[in-house]
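Some notes on the structure that comes next.
Readers should treat all values here as calculations from the given coordinates under stated rules, not as data from a laboratory. Bear in mind that the values here come from a model prediction, so they are computed numbers and not experimental data. Because the Cβ atoms are built from the backbone with ideal geometry, glycine has one as well, and the counts that use them run over all protein chains shown.
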Amino acid sequence: MVIYSRRAKESDVASLGELNHQLIQDEGHSNPMTVPQFQERMRDWLAGDYEATLFESEGEVVAYALYREEPDLIYLRQLYVQRHCRRQGLGREALRLLRAEVWPTNKRLTVEVLSGNEAAISFYKSAGFRDYCVTLEIPGDESASRQRRS
């Protein structure tokens, strides 16, 4: 499958919000936001420091990347390939296009992946990423927090 990249526009926010919602479901994230909330968040990100690139094939968006450029690195916040398009090399091709056509090659590239998302970890490692740090957490107790506010 041949894919083409283009920079996302304001008119892409609805699609990006829906795809972001699918990404959250697929990676097992605990974010409870609705699709309209994801769309609004995407609008805010694109109005701020983030940029998005869409990857299309035969007029269909098959993947997207959301990222921001910092002085010494590119922070890849999200890379998502549509479910029915996976296992065809599109994620790898998307990264290749970003590195060849969008991002400066002299900058370090970072991405964060949920520790339980083994498919994503495997993908990124196969694409050349290496372990850099581990973030650990103790989740807050929502019920205890609500009781204290009462």
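Quick rundown of the values:
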read-out: Packing-based ranking, highest mean first, of 97-108, 17-28, 118-129, 69-80 given that Cβ atoms within 10 Å are counted; value: 17-28, 69-80, 118-129, 97-108
read-out: Rounded to 5, the percent of DSSP beta bridges in the chain classed as antiparallel; value: 80 percent
read-out: For Rg and Dmax of the Cα atoms in Å, calculated from these coordinates, the label among (i) 15.3, 43; (ii) 14.6, 44; (iii) 16.6, 57; value: (iii)
read-out: Mean separation of Cα contacts under 8 Å, 6 or more apart, over the residue count of region 4-149: relative contact order %; value: 18 percent
read-out: Sparse-neighbour loop sites [trypsin sites (Lys or Arg not before Pro); region 1-67; at most 14 other C-beta within 10 Å; DSSP]; value: 9
read-out: Reduced Cα scattering model of region 1-59, Debye log10 I(q)/I(0), q = 0.19 Å⁻¹; value: -0.73
read-out: Cα gyration tensor shape of region 81-131, rounded if a/c is under 1.5, else prolate or oblate by comparing a/b with b/c; value: oblate
read-out: Simple label model, 7 Å out from Cα along Cβ direction - residue 6 to residue 134, nm; value: 4.4 nm
